[in-house]
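Q: My structure is below; once you've seen it, I'll send some questions.
Derivation of every value follows stated rules applied to the coordinates shown; laboratory data play no part. Computed from a predicted structure; not experimentally measured. Glycine gets a Cβ as well: all are built from the backbone with ideal geometry, and neighbour counts include every protein chain shown.
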Amino acid sequence: MTVRQPHPIEVRSYEILRSRVDLSPMPPLWRAVAERVIHATADLEYAVDLVTKEEFLRKGWSALRDGAPIVTDEGMVAAGITARETICHAADPAAARMARAAGITRSAAAVRLSYADVGPGAVWVVGSSPEAIAEIIARRVSPALVIGMPVGFAGAREAKEALRASGLPQLSNASEKGGSVVAAAAVNALLYQDEAGFR
């Protein structure tokens, strides 16, 4: 396993971030995720907007380290995950056909197709589709972790509330904010974190 060498601009960005908000009281994985999300968005409010448990993040981190598949709800999330290949059926013509036949959204159909590929134990990453979260909950996909960060005023907050209420291991945020950049940043934080980071 190669050690990631951050670019000097990234190093400086983290120095500035840490001068503006103190996340040191957070548990290590939660802190790593919060810092990477803030770094990606320049939005300090994520320090108090993210909702998770360290045990959930640890489960997702362990699964990723063991090679668990990563499933995304859209191509933009997949494009932002830099350290691993992902699975995304959002643009698959089969998802469009299934959506029409079953009377569901394309995002929900993509979840069904993805689950057929990966089975239980995957890390699911949602950056735009509240319907994908609803389908993940309804399908009982037995995830290692669900990162649910859809953005928007219509249904996003409610979907994240439902994810938290589901009892699934999850990372979400309380506000309407979110999106593909945020979701990808959260996954990257877990992918980049090595055992030495747990101090």
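Q: Going by average Cβ density within 10 Å per residue, which order do the peptides 22-29, 135-142, 155-162 take, highest to lowest?
A: For the peptides 22-29, 135-142, 155-162, the packing ranking is 155-162, 135-142, 22-29.
Q: Now a separate question. Please arrange Tyr115, Tyr14 by how many other C-beta atoms lie within 10 Å of their C-beta, fewest to most.
A: Tyr14, Tyr115
Q: For Lys160, go through the aspartates and glutamates and keep the ones whose alpha-carbon is under 14 Å away, minus same-chain ones fewer than eight residues off.
A: Partners within reach: Asp49, Glu131, Glu135, Glu176.
Q: Please give the charge dipole size of the range 1-50, origin at the Cα centre, charges +1 on K and R Cβ atoms and -1 on D and E Cβ atoms. Round to the nearest 20 debye.
A: Charge dipole, the range 1-50, about its Cα centre: 220 debye, nearest 20.
Q: Now for a different question. Provide, in order from the shortest bin, the percent of all Cα-Cα pairs of the range 1-113 in each 10 Å bin, continuing until the bin that contains the maximum pair distance.
A: With a bin width of 10 Å, the distribution comes to 12, 30, 34, 18, 6, 0.
Q: Another question, then. What does the chain give for Rg and for Dmax, in Å, if only its C-alpha atoms count?
A: 16.2, 53
Q: Let me ask something else. Determine, for each peptide in 90-98, 186-194, the mean count of other beta carbons within 10 angstrom over its residues, then list the peptides with the highest first. The partial results should precede the final answer.
A: Values: 90-98: 15.1, 186-194: 22.1.
For the peptides 90-98, 186-194, the packing ranking is 186-194, 90-98.
Q: To the nearest 20 debye, what is the magnitude of the charge dipole of the chain about its Cα centre, counting +1 on the Cβ of each Lys and Arg and -1 on the Cβ of each Asp and Glu? Can you show the working numbers first?
A: Numbers: 22 positive and 22 negative charges, 48 e Å.
Using only the charged Cβ atoms, the result is roughly 240 debye.
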